[in-house]
Amino acid sequence: MPLLQLAWASLRNRRATALLTIFTIAVSVALLLGVERLRTEAKASFASTIAGTDLVVGARSGAVNLLLYSVFRIGNATNNIRWESYEKLAADPRVAWTIPLSLGDSHRGYRVLGTDGNYFTHYHYGRNQPLRLAQGRPFNDVFEVVLGAEVAKALHYRLGDKVVLAHGVATISLTEHSDHPFTVVGILAPTGTPVDRTLHIPLSGMTALHLDWRGGLPGPSLSDAEVRRRDLTPQDLTAALVGLKSRVATFAVQRAVNEYRGEPLLAILPGVALQELWGLLGTAEQALLVMSLCVVLTGLVGMLTALLASLNERRREMAILRSVGAQPRHLFGLLLAEALTLTLAGCLAGLALLYGAIALGRPWLLAEYGLALPLDWPSLYDGQLLGGILLAALVLGCIPAWRGCRQALTDGLSVRL
């Protein structure tokens, strides 16, 4: 205890340098733990994009590709599935509900999704949270659209506004469906998922947009009244989300879909596909962690530099301690205690800085990126990281402690001109 008190008194005499060192370590620790928490929460947010769905069904391709375009609206389908195949799947007695998904159009860079009322009833995200409308109602007419929260906010749309959709998914499209504008009837509450960046229209609306198209090109325009008189049953879909009456039947239904003879289909378990996706991104995760550790190492090297630089100024102090009976091991312990005190203070300050930043930035992160950073106690992994930092400080602190012990008594008492 006297050694720690002496170390603390010594640091107080050099408070400016000590505070700067503590600040450097605090920023490094806050950055390391902050990046780790953001990485963990981003992974959890990615995994919580869809919940309560047992299977995702689409044309046969890769599991990750199917997950990306059907759930995350990234990329495009290699092929569609026929409407008849979807009807047979929905009629399976083991299936409780299905959500049809039809992609292909866009609006100012945001994807358009054709679906039906089951989407608003059965689509869940996060911890099995249902979709909630912040304004308006779900669509019930051919040319009505429900906007995701980010679409409405970014494009400043309100209920009753007219929206013209474009063919294809390019940010700038030269082919617009200007003859059939959609009316905004609902705006969804923020979810922090791709739902926020999606325009939702009925399947009949998606079909109506392309009734007058031939060979991928627009033909003579049809009026809204003429469109409504036509059969608007879709011919195909991009994918479908499936909920089962019993999860015991999951693998049986998956096998039945994968062995379907009508056309090549693929059924995937969202959780399994997500694990495969994160396996592909594992290298990037490790690189991010290594970069954060390098920042912490930089902070510890700064502490080492400060202690080494102070040794020349403290030669007289060391000599006086030796002259009053301090042994080399006492000096070694003193300098090592200073290094550990600086690091421990930096870790505590880093935790305070991290939690302060989370408290201030939490609403913004939730609104802009859908990341809900919890203000809970440090995890076991955080404790392991902090323990590793203290251990690294102990090792690095041995360098100035060893050099301080080697300084001679007469060297410290001599006067240098």
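The values are calculated or read from the model by the stated rules, or taken from the named source; none is laboratory data. All of these numbers come straight from a predicted model, not from anything done at the bench. Virtual Cβ from ideal backbone geometry, glycine too; neighbours counted across all protein chains shown.
Just one of the numbered conditions (1) more than 19 Å from Ser45 (Cβ to Cβ); (2) modelled with pLDDT under 95; (3) surrounded by fewer than 17 Cβ atoms within 10 Å (Cβ to Cβ) is not true of Ala189: (1). For segment 224-248, the candidate set comprises residues that are part of a helix (DSSP H, G or I) and either among the hydrophobic types (A, V, I, L, M, F, W, C) or within 31 Å of the chain's Cα centre (by Cα) (or both); within that set, the residue that is surrounded by the most Cβ atoms within 10 Å (Cβ to Cβ) is Val227.
Note on segment 249-294: among residues that are charged (D, E, K, R) and under 15 Å from Ala63 (Cα atoms), the one that is farthest from the chain's Cα centre (by Cα) is Arg255. Exactly one condition in (1) closer than 26 Å to Leu188 by Cα; (2) modelled with pLDDT under 95; (3) not aliphatic (A, V, I, L, M) is false for Lys245; which is it? Exception for Lys245: condition (1). Of all the residues in segment 261-276, those that are closer than 19 Å to Ser85 by Cβ and surrounded by 12 or more Cβ atoms within 10 Å (Cβ to Cβ) number 6. List the residue pairs whose Cβ atoms are under 6 Å apart, where the first residue sits in segment 275-300 and is in the same structural domain as Ala18 (by TED's automatic domain parsing), the second is surrounded by 11 or more Cβ atoms within 10 Å (Cβ to Cβ) and among the small types (Gly, Ala, Ser), and the two are 6 or more positions apart or on different chains. These pairs meet every condition: Val295/Ser28; Val296/Ser28; Gly299/Ser28; Leu300/Ala392; Leu300/Ala393. If you go through segment 104-127 and keep only what is part of a loop (DSSP other than H, G, I, E, B) and more than 26 Å from Arg255 (Cβ to Cβ), you end up with Gly104, Arg108, Gly109, Asp116, Gly117, Gly126, Arg127.
Listed here are the residues, each with its yes/no results for (1) in contact with a strand residue (DSSP E or B) (Cβ under 8 Å, 6 or more places away or on another chain); (2) over 23 Å from Tyr69 (Cβ atoms).
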residue	(1), (2)
Thr115	yes, no
Leu131	yes, no
Gly136	yes, yes
Lys153	no, yes
Leu188	yes, no
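In segment 143-165, the residues that are under 22 Å from Thr193 (Cα atoms) and assigned by TED's automatic domain parsing to the domain that holds Ala189 form Cβ pairs under 7 Å with partners that are small (Gly, Ala, Ser) and outside any strand (DSSP E or B), at six or more places apart or across chains, as follows: Ala149/Ala189.
Of all residues in segment 44-67, those satisfying the criterion of being over 19 Å from Arg197 (Cα atoms) and touching a residue at least 40 places away in the same chain (Cβ under 8 Å) are Gly52, Thr53, Asp54, Leu55, Val56, Val57, Gly58, Ala59, Arg60, Ser61, Ala63, Val64. Here segment 13-49 is the region considered, the condition is being in a helix (DSSP H, G or I) and among the charged types (D, E, K, R), and the residue that is nearest to Glu285 (Cα to Cα) is Arg39.
Leu131 meets the stated requirement of being within 30 Å of Ala252 (Cβ to Cβ), of a type in the set (A, V, I, L, M) and assigned by TED's automatic domain parsing to the domain that holds Ala189. I'd like to know if segment 135-142 contains one or more residues that are assigned to a strand (DSSP E or B), among the charged types (D, E, K, R), more than 24 Å from Leu280 (Cα to Cα) and in contact with a Gly (Cβ under 9 Å, 6 or more places away or on another chain). No, because not a single residue in segment 135-142 is assigned to a strand (DSSP E or B), among the charged types (D, E, K, R), more than 24 Å from Leu280 (Cα to Cα) and in contact with a Gly (Cβ under 9 Å, 6 or more places away or on another chain).
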